[in-house]
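The structure under discussion is supplied below as structure tokens; questions concerning it will follow.
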């Protein structure tokens, strides 16, 4: 009897984890659809800014799935029809028995004109080159979340003669973290002469300035490291959604349908945390539920009781929080580096 087809749309962190889990079980034909040839490891972008070759932060998807029971399709997703179990691609239609949506998010901008900003998620080489350019005297990072903090920490560690500033719309850095974590991050960045501007809304960026409400900040190089919003292609899907993403139940099934799951930055549920660990946990849970459904077993709820979060603070320092507990220093940095090394070894050597 032919195996059912599980289609995963999205070749990011969550999509890769789900595909690997399903492929090992060998109970369904797995198809991965991505519009990119590569997956970029976001946690390595800071190494690229610091001088590492950009190829180190990329994983060739076709190579990753070579020799595995996974079909990789490079195409652009344009729509979804759940009544016919059909994904509409730019090149045609693809039918599925089960669908797992892992399309991720895109950078959320608070300004209309983005001509004079660089996006840390897509323009990392330009940021590195700009930071080392002789005419750059001041760099401003916009965004006080983990991405903004790590970007700022990296730039302040590699530039001696350049002023680095960070502007956040929140009243404290890392607003989703415990307050103690915010205080530690602010203290360390200030110690490194980072100019912090809190509770400030950026309304525009020019070639030499960042425009705030009623004021301007000098900036030779502006890096946007704000939050993310769900991939806008989901607006073409016939699925329930909110402004924060596709609505899913506790088992990560899209509300109103039984054979469509969604994970990562593209989903919305009570208590949702947007980071790599959460996306991976969601991906594994959804993949396990796909297999449970095939086996006729009861589905399980997403369990997020244990949620470690690490933030790089430059040089040999990192911040680690686990369910409200906060630790900062060399040990969290070593644990972070070890976790990254093991993860890369898995994808490049083992899987």
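The values are calculated or read from the model by the stated rules, or taken from the named source; none is laboratory data. All figures in this text were calculated on a predicted structure; none of them were measured in a lab. Neighbour counts run over all protein chains shown; Cβ positions are idealised from the backbone, glycine included.
This table checks each residue for (1) loosely packed, with under 15 Cβ neighbours inside 10 Å; (2) free of Cβ contacts under 8 Å to residues at least 40 places away in the same chain; (3) more than 30 Å from residue 320 (Cβ to Cβ); (4) not assigned by TED's automatic domain parsing to the domain that holds residue 79.
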residue: 166; (1), (2), (3), (4): no, yes, no, yes
residue: 170; (1), (2), (3), (4): no, yes, no, yes
residue: 190; (1), (2), (3), (4): yes, yes, no, yes
residue: 212; (1), (2), (3), (4): no, no, yes, yes
residue: 215; (1), (2), (3), (4): yes, yes, yes, yes
residue: 234; (1), (2), (3), (4): no, no, yes, no
residue: 240; (1), (2), (3), (4): yes, yes, yes, no
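Still on this model: What are the residues in the range 291-308 that are farther than 18 Å from residue 269 by Cβ and either under 22 Å from the mean Cα position of the chain (by Cα) or surrounded by 14 or more Cβ atoms within 10 Å (Cβ to Cβ) (or both), if any?
Within the range 291-308, the first condition is being farther than 18 Å from residue 269 by Cβ, and the residues that meet it are 291-298, 308.
Correct list: 291, 292, 293, 294, 308.
Identify, please: which residue in the range 89-104 is touching a residue at least 24 places away in the same chain (Cβ under 8 Å) and assigned to a strand (DSSP E or B) and is, among those, surrounded by the most Cβ atoms within 10 Å (Cβ to Cβ)? It would help to see each step written out before you state the result.
Start the filter on the range 89-104 by keeping residues that are touching a residue at least 24 places away in the same chain (Cβ under 8 Å), which leaves 89, 94-104.
Keeping just the survivors that are assigned to a strand (DSSP E or B) gives 89, 94-95, 98-101.
On the way: 89: 18, 94: 19, 95: 12, 98: 22, 99: 26, 100: 29, 101: 32.
Looking at residues that are touching a residue at least 24 places away in the same chain (Cβ under 8 Å) and assigned to a strand (DSSP E or B), I get 101.
Pick from the range 144-180 the residues that are assigned to a loop (DSSP other than H, G, I, E, B) and under 13 Å from residue 195 (Cα atoms): which of them is nearest to the chain's Cα centre (by Cα)? First the steps, then the outcome.
Pass one, the range 144-180, residues assigned to a loop (DSSP other than H, G, I, E, B): 144-145, 159-162, 168-178.
Retained after the next criterion (residues that are under 13 Å from residue 195 (Cα atoms)): 144, 162, 168, 173.
Details: 144: 15, 162: 28, 168: 19, 173: 18 Å.
Looking at the filtered set, the residue picked out is 144.
Given the condition over 19 Å from residue 119 (Cα atoms) and without any contact (Cβ under 8 Å) to a residue 60 or more places away in the chain, answer yes or no: does some residue in the range 130-152 qualify?
Yes, the range 130-152 contains a residue that is over 19 Å from residue 119 (Cα atoms) and without any contact (Cβ under 8 Å) to a residue 60 or more places away in the chain.
Let me ask you something else. Among the listed residues 324, 329, which satisfies the condition of being surrounded by fewer than 18 Cβ atoms within 10 Å (Cβ to Cβ), on the phi > 0 side of the Ramachandran plot and at pLDDT 95 or above?
329
Here's a follow-up. Of 50, 62, 57, which residue is out of contact with any strand residue (DSSP E or B) (no Cβ under 6 Å at 6 or more places or on another chain) and either outside the structural domain of residue 279 (by TED's automatic domain parsing) or at pLDDT below 95 (or both)? First the steps, then the outcome.
Values: 62 fails: out of contact with any strand residue (DSSP E or B) (no Cβ under 6 Å at 6 or more places or on another chain); 57 fails: out of contact with any strand residue (DSSP E or B) (no Cβ under 6 Å at 6 or more places or on another chain).
The unique qualifying residue is 50.
Name the single residue, out of those in the range 105-128 being part of a strand (DSSP E or B) and in contact with a helix residue (DSSP H, G or I) (Cβ under 6 Å, 6 or more places away or on another chain), that is nearest to residue 283 (Cα to Cα). Before the answer, list the steps.
So in the range 105-128, the residues part of a strand (DSSP E or B) come out as 105-107, 117-119.
Retained after the next criterion (residues that are in contact with a helix residue (DSSP H, G or I) (Cβ under 6 Å, 6 or more places away or on another chain)): 105, 118.
Values: 105: 15, 118: 30 Å.
So, considering only residues that are part of a strand (DSSP E or B) and in contact with a helix residue (DSSP H, G or I) (Cβ under 6 Å, 6 or more places away or on another chain), the one nearest to residue 283 (Cα to Cα) is 105.
Follow-up question, since we're still on this one. Filter the range 318-342 down to the residues that are in contact (Cβ under 8 Å) with a residue 40 or more places away in the chain and under 13 Å from residue 44 (Cβ atoms) and list them by number.
Matches in the range 318-342: 340 only.
Just give me the residues in the range 1-41 being in a helix (DSSP H, G or I) and crowded, with 19+ Cβ neighbours inside 10 Å, in sequence order. Talk me through it step by step, then tell me what you get.
Pass one, the range 1-41, residues in a helix (DSSP H, G or I): 13-25.
Scanning the range 1-41 gives 13, 14, 15, 16, 17, 18, 19, 20, 22, 23.
Here's a follow-up. Can you tell me which residue among 315, 282 is assigned to a helix (DSSP H, G or I) and either outside the structural domain of residue 245 (by TED's automatic domain parsing) or buried (at least 21 other Cβ atoms within 10 Å of the Cβ) (or both)?
Details: 315 fails: assigned to a helix (DSSP H, G or I).
The match here is 282.
Would you call residue 74 in contact with a strand residue (DSSP E or B) (Cβ under 9 Å, 6 or more places away or on another chain), in the same structural domain as residue 264 (by TED's automatic domain parsing) and either loosely packed, with under 14 Cβ neighbours inside 10 Å or free of Cβ contacts under 8 Å to residues at least 12 places away in the same chain (or both)? Before you say what the answer is, go through the steps one by one.
Numbers: in contact with a strand residue (DSSP E or B) (Cβ under 9 Å, 6 or more places away or on another chain): yes; in the same structural domain as residue 264 (by TED's automatic domain parsing): yes; either loosely packed, with under 14 Cβ neighbours inside 10 Å or free of Cβ contacts under 8 Å to residues at least 12 places away in the same chain (or both): no.
No, not satisfied.
Of everything in the range 286-300, what is out of contact with any helix residue (DSSP H, G or I) (no Cβ under 8 Å at 6 or more places or on another chain) and either part of a helix (DSSP H, G or I) or assigned by TED's automatic domain parsing to the domain that holds residue 149 (or both)? Give them in sequence order.
Answer for the range 286-300, where residues must be out of contact with any helix residue (DSSP H, G or I) (no Cβ under 8 Å at 6 or more places or on another chain) and either part of a helix (DSSP H, G or I) or assigned by TED's automatic domain parsing to the domain that holds residue 149 (or both): 289, 292, 293, 294.
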